[in-house]
Amino acid sequence: MGATLLSSVVAGVRYDLRTLHGLWMAIAFPQLRDSHPVMGQWHPETTAQRTAYRLWALLGGLGLLVGYPLTVFGFAVRFYVRRFDRTTTRIGVAGTLVLAVVVWGALTALARLRFSTEGFLAVAAAGSVAVLATALALAFARVGGRFTTVVLAYPFAVVAVFLPPVVAALYSPTLAGVVFPESESLAIWLLDNVLVVGDLNALLRARFDLAGFAYVGMWTGLAVPVGWTLGFVVTLANLVRPTDDEAE
């Protein structure tokens, strides 16, 4: 059984890599995509075509070292996105909004019992924003089109999930012990590895301290790139292994 599972995984990986590399090659050589299945696949004929073909193929192979792990991550994200989508379809938009109200309303009620008046109002405001973000995410996801879903729906969904816990962590030592250290580690990694262009990291360190509501600003700002990244990896997974709905 273990050998069968391993062989199926290897076969799936090989299929994914062939599909991704084929998509890459068709970008520069659309003749590959338009080749007739009976007449045979197009092949480069001139020396210039063969050179360009091999260089492009090599570049695509190197890109797969990064692209394929993202595709695997996309499969996992797509699994949970489809489960959530099936749930929202089953209970409807109104039911999903009611569920969001219940979940963040419960957090707000807990804040009323545990936090100061300021903390309670902050969590209530964050919960209200999260419910609104949920409504916007659902609306944009149902407008139609992958572009609208990736650019708008995913970022609003990230806001809907992360904003209330981050705000609550400002007033809860228990949540703060989890949210703030992880947020700080993420911020340091981003500053040292991503925001190094044009010394943007030095500018951010000089002007901002990661404390208090700066955590809220950080996660609100991250909602857009995080949402876009999730949408991108799901789109990549759909290109490699389309689901039944997308294949139709």
| query | Taking the stated definitions as given, is residue 87 surrounded by fewer than 17 Cβ atoms within 10 Å (Cβ to Cβ) and within 22 Å of residue 227 (Cα to Cα)? | reply | yes
| Looking at residue 134, is it within 23 Å of residue 230 (Cβ to Cβ), modelled with pLDDT of 85 or more and polar (S, T, N, Q)? | yes
| said: I need every pair where a residue in region 105-123 that is over 18 Å from residue 173 (Cβ atoms) has its Cβ under 8 Å from the Cβ of a residue that is of a type in the set (A, V, I, L, M), sequence separation at least 6 or different chains. | reply: 108/123; 108/124
| note | Expected output for region 77-94 (first residue in contact (Cβ under 8 Å) with a residue 12 or more places away in the chain, partner among the hydroxyl-bearing types (Ser, Thr, Tyr), Cβ below 6 Å, 6+ apart or cross-chain) is 88/96
| note | Screening 100, 139, 122, 130 for residues that are over 22 Å from residue 233 (Cβ atoms), of a type in the set (Gly, Ala, Ser), part of a helix (DSSP H, G or I) and touching a Ser or Thr at 6+ places or on another chain (Cβ under 8 Å) leaves only 100
| query | Of all residues in region 90-121, which are polar (S, T, N, Q), at pLDDT 80 or above and surrounded by fewer than 14 Cβ atoms within 10 Å (Cβ to Cβ)? | reply | 117
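The values are calculated or read from the model by the stated rules, or taken from the named source; none is laboratory data. Please read these numbers as outputs of a predicted model, since none were measured by experiment. As a convention, Cβ positions derive from the backbone with ideal geometry for all residues, glycine included, and neighbour counts pool all protein chains shown.
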